[in-house]
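Q: The structure is given below, and queries will be raised subsequently.
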Amino acid sequence: MENKKGKKTKPSKFAIWWRWPLIVLALSICLSFIFGVISQVALTGAGIAISVVVILFFIGISIIADMVGVAITSASYEPFRAMASRKIRGAKESISLIDNREKVASVSADVIGDICGILSGAAGTSITVVLIVRYAGSFWEVMIASAVSAIIAGLTIFGKAYCKKYSMLHSERIILILGKFISLFHIQRKGKENGSKKEKKSKKGKIEKSDPLKIEHTESNDESSLKENMTEQERKEINLADSVKFTKPDFNNNIINVSASLATFLNCDNKNKTLKVLDETLKKNYKNVVFIIFDGLGKNPLEINLDKSSILRKSVEAELTSVFPATTTNATTLLANSFPLEHGMFGWSINFEELGKNVDVYLSKDSETGEPIEDGFMAKRLPIIPFYKDAKTDYKISNVVPAYWHDGIEKNRHICSQIDDYFREIEAICKEEGRQFVYCYCPEPDATMHDNGVSSKEAKNLINHINRQIEKLSKICKETLFIITADHGQVEIDDYIDIYKDEKLYSLLKCPPYLESRATAFKVKEGCEEEFKELFIKNYGEDFQLHKSGELIGKGYFGDPSIEGERELLGDYIAICKSHKHFIKHEDSNRFKGHHGSLTEEMFVPLIIIENKIQNR
């Protein structure tokens, strides 16, 4: 509408309020007509069997529509935004559905659900008529009609009640399935759009040689057309950390710098750079200093599962990088205040040539068979010395850790098995007389996210529980400074790659692949390097980027390249995952729903500082 001056006028509130009900009315009439025609055609002259099938069909649609209605009301944006950033099909459509959740819920639960309920009742009439003809009589007519209606109503209500809980727990999965279904109707339109882009591109001619960063910028805008015009040499020139949005460890803003600040605070030997924001806070002379590492609670899980107003999120003082591979064993950096090249605990599984096998270093077990290795081997081969071992301080140093975690010091070691045990032990220590320093490592929420996924209900509930307990603890423990971080983050896993089935690739290797499922090391037989590279890129290049281990060492991905350290443990090549998948290295490997190890989102961790102010004494 336009006014006399030619300007557009906004529709009245009355018009806006009536618009959606009118659309629903028209949609209801159309769908009722279409479903009615289908049921009439199917039921005309049909027997009881066909009538039952039609009834079950409409009941099924009614239940599915109700599930969508429940799921859309409980679904949150965060998991789909994360999926959209990874270009997962259906994610953008799912976000659009959530944007219009009221309309989607109305159409699915009210329109489709009610129509199917009415039509299933109408279909029941066909069965009633057939049965009444067989069992004529006024009494039986009433009983048969009532029984048929009751069975239809009972099945519908039972189905909706049974599926409602599932819909609430798995709302993201249901909405993503619907989003993927809707995306099927966008394929043709996208094809036309891509065609028009290619026409425009062809007018400009081929890309000339330019710097890697410029190429990457163009790729993000029109990746498919760029790749067609890039030469093989141009692809090789793209910088590792830019080409697939990899994040190189920044050892000036890294978890190692947290340990360096704490080592300096406790008057321990320290050769690494410290964090200024943490140094300044530690100068405030707190009675208790509590350092907590929550395994896996990186930036990605934190933002997906907690509101901005939560104490953990609003207390983030800095965003740090983890080490590479971004995994718990390699984060020994936090305990030892040393680079990965120094401590050598690069991944969960490491190949030791002197043993002739891959070893799960934390468990001291054969990675393939699960059998224990030589007793004491790991302690001798890769000894880990905690940064606080020779502290010159008046703080009493205590550990709050799970039973399998060990720093070689038995004194003041508090063992925990359940999540709440950690908070109880910390509270008890902080209430002791004298100054207390607590080093706490908690294996959650990493374990829960491995089993259920980063955006799962289980992960959300656990991380919110941790947040509540930290908030409670920060109020109870007086004159206490809480320093909280993570060893790494996690990402949602979309799919698995069964590399263990690749007999040809394995025939080129000295030992099975090891290290991590998203950052995998390979030792290649002499003379087979070119064949290995060609085969790997052909089979797995879409999801993994292959690099020589020596090149990564030289570029500083594992710390100062001048450190000789344990570089031989990194093998000949390392494949870095650029998607959200992970390798299955042997038949019994875990198929995690959430995982880490690569240089993508799991590289970012928070530095959280919470202060219970010092009281005037």
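Q: Quick check on segment 589-599. Is at least one of its residues under 14 Å from PHE324 (Cα atoms), open to solvent by 30 Å² or more (accessible area, probe 1.4 Å) and aromatic (Phe, Trp, Tyr)?
A: no
Q: If you go through segment 244-264 one residue at a time, do you hit one that is closer than 24 Å to GLY347 by Cα, open to solvent by 20 Å² or more (accessible area, probe 1.4 Å) and at pLDDT below 90? Before you say what the answer is, go through the steps one by one.
A: Filtering segment 244-264 down to residues closer than 24 Å to GLY347 by Cα leaves 244-260.
Imposing the further condition that a residue be open to solvent by 20 Å² or more (accessible area, probe 1.4 Å) reduces the set to 244-245, 247-248, 250-253.
So of that shortlist, the ones also at pLDDT below 90 come out as 244-245.
Within segment 244-264, one or more residues are closer than 24 Å to GLY347 by Cα, open to solvent by 20 Å² or more (accessible area, probe 1.4 Å) and at pLDDT below 90.
Q: Also, quick follow-up: Looking only at segment 554-564, decide whether some residue is open to solvent by less than 10 Å² (accessible area, probe 1.4 Å), touching a strand residue (DSSP E or B) at 6+ places or on another chain (Cβ under 8 Å) and in contact (Cβ under 8 Å) with a residue 40 or more places away in the chain.
A: no
Q: Take LEU297 and decide whether it is open to solvent by 10 Å² or more (accessible area, probe 1.4 Å) and part of a loop (DSSP other than H, G, I, E, B). Spell out the reasoning first.
A: On the way: open to solvent by 10 Å² or more (accessible area, probe 1.4 Å): no; part of a loop (DSSP other than H, G, I, E, B): yes.
No, not satisfied.
Q: If you don't mind, there's one more thing I want to ask. Out of the strands (runs of 3 or more DSSP E) lying entirely within segment 414-506, which hold 3 or more residues that are surrounded by 21 or more Cβ atoms within 10 Å (Cβ to Cβ)?
A: Details: elements: 436-442, 480-485, 495-497.
Correct list: 436-442, 480-485.
Q: Looking only at segment 343-385, count every residue that is closer than 22 Å to GLU564 by Cβ and among the basic types (Lys, Arg) and tell me the total. If you could, list the steps in order and put the result at the bottom.
A: So in segment 343-385, the residues closer than 22 Å to GLU564 by Cβ come out as 343-347, 350-355, 359, 361, 377-385.
Now drop any that are not among the basic types (Lys, Arg), which leaves 380-381.
Qualifying residue count, segment 343-385: 2.
Q: Now a separate question. May I ask you to verify whether VAL359 is under 30 Å from ASN461 (Cα atoms), hydrophobic (A, V, I, L, M, F, W, C) and not in a loop (DSSP other than H, G, I, E, B)?
A: In short, no.
Q: Also: Just wondering, is there one or more residues in segment 383-392 that are within 31 Å of the chain's Cα centre (by Cα), free of Cβ contacts under 8 Å to residues at least 60 places away in the same chain and crowded, with 16+ Cβ neighbours inside 10 Å?
A: Let us first name the residues in segment 383-392 that are within 31 Å of the chain's Cα centre (by Cα), namely 384, 386.
Next, from what is left, pick out any that are free of Cβ contacts under 8 Å to residues at least 60 places away in the same chain: 384, 386.
Those left that are additionally crowded, with 16+ Cβ neighbours inside 10 Å: 384, 386.
Within segment 383-392, one or more residues are within 31 Å of the chain's Cα centre (by Cα), free of Cβ contacts under 8 Å to residues at least 60 places away in the same chain and crowded, with 16+ Cβ neighbours inside 10 Å.
Q: Of all residues in segment 162-187 being without any contact (Cβ under 8 Å) to a residue 12 or more places away in the chain and within 23 Å of ASN461 (Cβ to Cβ), which is farthest from the chain's Cα centre (by Cα)?
A: So in segment 162-187, the residues without any contact (Cβ under 8 Å) to a residue 12 or more places away in the chain come out as 162, 165, 173, 184-185, 187.
Now restrict to residues that are within 23 Å of ASN461 (Cβ to Cβ): 162, 165, 173.
Numbers: TYR162: 28, LYS165: 23, ARG173: 14 Å.
Ranking the qualifying residues of segment 162-187, first place goes to TYR162.
Q: For the structure I just gave you, tell me whether PHE181 is modelled with pLDDT of 90 or more, of a type outside the set (D, E, K, R) and closer than 30 Å to ALA75 by Cα.
A: Numbers: modelled with pLDDT of 90 or more: no; of a type outside the set (D, E, K, R): yes; closer than 30 Å to ALA75 by Cα: yes.
Considered against the rule, which asks whether it is modelled with pLDDT of 90 or more, of a type outside the set (D, E, K, R) and closer than 30 Å to ALA75 by Cα, PHE181 comes out as no.
Q: Quickly run through segment 276-294 and pick out the residues that are assigned to a loop (DSSP other than H, G, I, E, B) and either within 13 Å of PRO606 (Cα to Cα) or among the basic types (Lys, Arg) (or both). Step through it out loud before you land on a result.
A: Quick first cut of segment 276-294, residues assigned to a loop (DSSP other than H, G, I, E, B) only: 283-287.
Matches in segment 276-294: LYS283, LYS284, LYS287.
Q: Report, by residue number, each residue of segment 529-540 that is surrounded by 15 or more Cβ atoms within 10 Å (Cβ to Cβ) and either among the aliphatic types (A, V, I, L, M) or not in a helix (DSSP H, G or I) (or both).
A: LEU535
Q: A further question on this structure: Select from segment 300-336 the residues that are part of a loop (DSSP other than H, G, I, E, B), touching a residue at least 40 places away in the same chain (Cβ under 8 Å) and more than 14 Å from ASP487 (Cβ to Cβ) and list them in ascending order.
A: Of everything in segment 300-336, those that are part of a loop (DSSP other than H, G, I, E, B), touching a residue at least 40 places away in the same chain (Cβ under 8 Å) and more than 14 Å from ASP487 (Cβ to Cβ) turn out to be LEU306, SER310, SER315.
Q: Could you figure out which of (1) surrounded by 17 or more Cβ atoms within 10 Å (Cβ to Cβ); (2) modelled with pLDDT under 95 isn't true of LYS523?
A: Looking at each condition in turn, LYS523 falls short on (2).
Q: Moving on to the next point. THR156 passes all but one of (1) modelled with pLDDT under 65; (2) polar (S, T, N, Q); (3) within 27 Å of ALA26 (Cα to Cα); which number fails?
A: Failed condition: (1).
Q: What pairs come out if I take residues in segment 426-443 that are farther than 17 Å from GLN469 by Cα and pair them with residues that are among the aromatic types (Phe, Trp, Tyr) and in a loop (DSSP other than H, G, I, E, B) whose C-beta lies under 6 Å away, six or more apart or interchain?
A: So the pair list comes out as ARG435/TYR395; PHE437/TYR395.
Q: A follow-up question, please. Open to solvent by 30 Å² or more (accessible area, probe 1.4 Å) and among the hydroxyl-bearing types (Ser, Thr, Tyr): which single residue out of SER364, SER349, SER338 fits that description? Don't jump to the end; show me each part of the working.
A: Working: SER349 fails: open to solvent by 30 Å² or more (accessible area, probe 1.4 Å); SER338 fails: open to solvent by 30 Å² or more (accessible area, probe 1.4 Å).
Of the residues listed, the single one that is open to solvent by 30 Å² or more (accessible area, probe 1.4 Å) and among the hydroxyl-bearing types (Ser, Thr, Tyr) is SER364.
Q: Let me ask something additional. What number goes with the only condition from (1) farther than 20 Å from ASP407 by Cβ; (2) at pLDDT 95 or above; (3) surrounded by 23 or more Cβ atoms within 10 Å (Cβ to Cβ) that VAL316 does not pass?
A: Here VAL316 meets the rest and fails (3).
Q: Going by the conditions given, is GLU526 over 30 Å from ARG381 (Cβ atoms) and among the acidic types (Asp, Glu)? Steps first, answer last, please.
A: Details: over 30 Å from ARG381 (Cβ atoms): no; among the acidic types (Asp, Glu): yes.
Spelling it out, it is not the case that GLU526 is over 30 Å from ARG381 (Cβ atoms) and among the acidic types (Asp, Glu).
The values are calculated or read from the model by the stated rules, or taken from the named source; none is laboratory data. Given the structure is predicted, the values throughout are model-derived calculations rather than measurements. Cβ atoms come from the backbone with ideal geometry, glycine included; neighbour counts cover every protein chain shown. Just the protein is used for accessible areas: all its heavy atoms, side chains included, with ligands, DNA and RNA removed. Shrake-Rupley method; radii C 1.70, N 1.55, O 1.52, S 1.80 Å.
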